[in-house]
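The values are calculated or read from the model by the stated rules, or taken from the named source; none is laboratory data. Nothing here was measured: the structure is a model prediction, and the numbers come from that model. Using ideal geometry, Cβ is built from the backbone for each residue, glycine included, and neighbour counts are taken over all protein chains shown.
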Amino acid sequence: MILSAAAEPDLTAAKIRVLEQQPQVDELAPGVRLFMNRDYALKACPEWLKGKNFLRGRMERLNFTGVREGSIFVLTPDPECSGKDSRAAELEAAGFVRTQDPVFQLFGGNPNDRVRVYQKKLAVGEQLVLGKWAVLVGFDEFVPEPDPVESWPGNTGEILYNGIRLPESWPPRSVFFDDVSPMPVPYLAHPPKVIPIDVGRQLFVDDFLIEKTDLAREYHHATKYEGNPVLRPETPMETGKGAGMAVATPKSGGVWWNADKQVFQMWYEAEWLTTMAYATSKDGLKWDRPDLDLEPGTNRILPRELNPDSTTVFIDQETKDPSQRYKMFVRKPGGEGIGAYLMVSADGTHWTEPVMSGVMGGGCKVSSVIGFFAT
């Protein structure tokens, strides 16, 4: 269904509450900056949208709630030009209707940035959370999301086993990866009257369990090791002697401290998308590459046909079977429609024949699928 933008010209513009980090409101006009964290400037838009309020937030997310009923508009990439970045399907599922305006180039010259206009009459209390990317236009005014600490005394969120009461809205919806400022910790400002301490280990990492003290907490600034990188291509296998690119990196793999052997163990990618190798270290700085028997003269741990793209190796401290102490997940390069190889080992260097997993998405970071190895 396509609705004319002029079909309901007398709709009152909505008032919204913005769940965003320091958002800005501006008037839509050619040349205006569209996002807080991108330099993209408006190239074109329908005449009737010019001069309307729009929200300049982050490109990665749009999050708002209706405070007063009214009409709003959202610009999002045309799914026929940019399927992965278009929020069209989500908007239509939320009751938005596409206007009759043709697709137009919002900014730049990339076809992926050609957009459609969607319209809806937003209800009071209605929330919309959209991923990358969408531009909100046409609201009358906005109010910022209140600080959760300020409203804490009236909070009715879930109480955890240790007495901590969560905020009513959890997890937080306004945390951004590029914000390095301290996050509010409401349970420290408003701790429970009684804190149970018979529910396991208690960590003295903050003031939650400390009623009073004459100790002063000290913070130390971390500095990078001057000898970085501690792992670099050195062996023929790592320096691209074959057809591959020179690489020695634990971009996935795994680095673990083995308390029994008193060494760090590392499984890493040697030569780009070529193989997995193994190294050990007593201090995490100097790494030794043992001569292994899979391919004498190298520290290779996988056959050449099992070339990795995403991998995870970890030490299973809970297993009762010594032959399954180490576990590995390897996904070969490729797009959708393929699975990964699952293997176990007693020593971390000799691995069982691989068992194939189910199909998974391309580029899957396999650290999130360790549950496959439950014993």
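Quick look at the numbers
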| quantity | calculated |
| --- | --- |
| Residue, surrounded by the fewest Cβ atoms within 10 Å (Cβ to Cβ), within the stretch 80-92, restricted to residues that are of a type outside the set (Ser, Thr, Tyr) and in a loop (DSSP other than H, G, I, E, B) | Lys84 |
| Leu285 being modelled with pLDDT of 90 or more and buried (at least 16 other Cβ atoms within 10 Å of the Cβ) | no |
| Residues of the stretch 75-88 that turn out to be under 23 Å from the mean Cα position of the chain (by Cα) and within 21 Å of Gly57 (Cβ to Cβ), as a count | 8 |
| Residue within the stretch 65-79 that is more than 19 Å from Val124 (Cα to Cα), in a loop (DSSP other than H, G, I, E, B) and either assigned by TED's automatic domain parsing to the domain that holds Ser169 or touching a residue at least 40 places away in the same chain (Cβ under 8 Å) (or both) present | no |
| Only listed residue being without any contact (Cβ under 8 Å) to a residue 40 or more places away in the chain and either in contact with a helix residue (DSSP H, G or I) (Cβ under 8 Å, 6 or more places away or on another chain) or over 17 Å from Met356 (Cβ atoms) (or both), chosen from Pro296, Pro303 | Pro296 |
| Residue check, Val124 more than 19 Å from Asn37 (Cα to Cα) and over 27 Å from the mean Cα position of the chain (by Cα) | yes |
| Subset of the stretch 237-248 (residues that are at pLDDT below 90 and either of a type outside the set (Val, Ile, Thr) or in a strand (DSSP E or B) (or both)) | Met237, Gly240, Lys241, Gly242, Ala243, Gly244, Met245, Ala246 |
| Selected residue (only one of Leu62, Leu106, Leu130, Leu136 is in contact with a strand residue (DSSP E or B) (Cβ under 8 Å, 6 or more places away or on another chain), surrounded by fewer than 20 Cβ atoms within 10 Å (Cβ to Cβ), in contact (Cβ under 8 Å) with a residue 60 or more places away in the chain and closer than 21 Å to Met36 by Cα) | Leu130 |
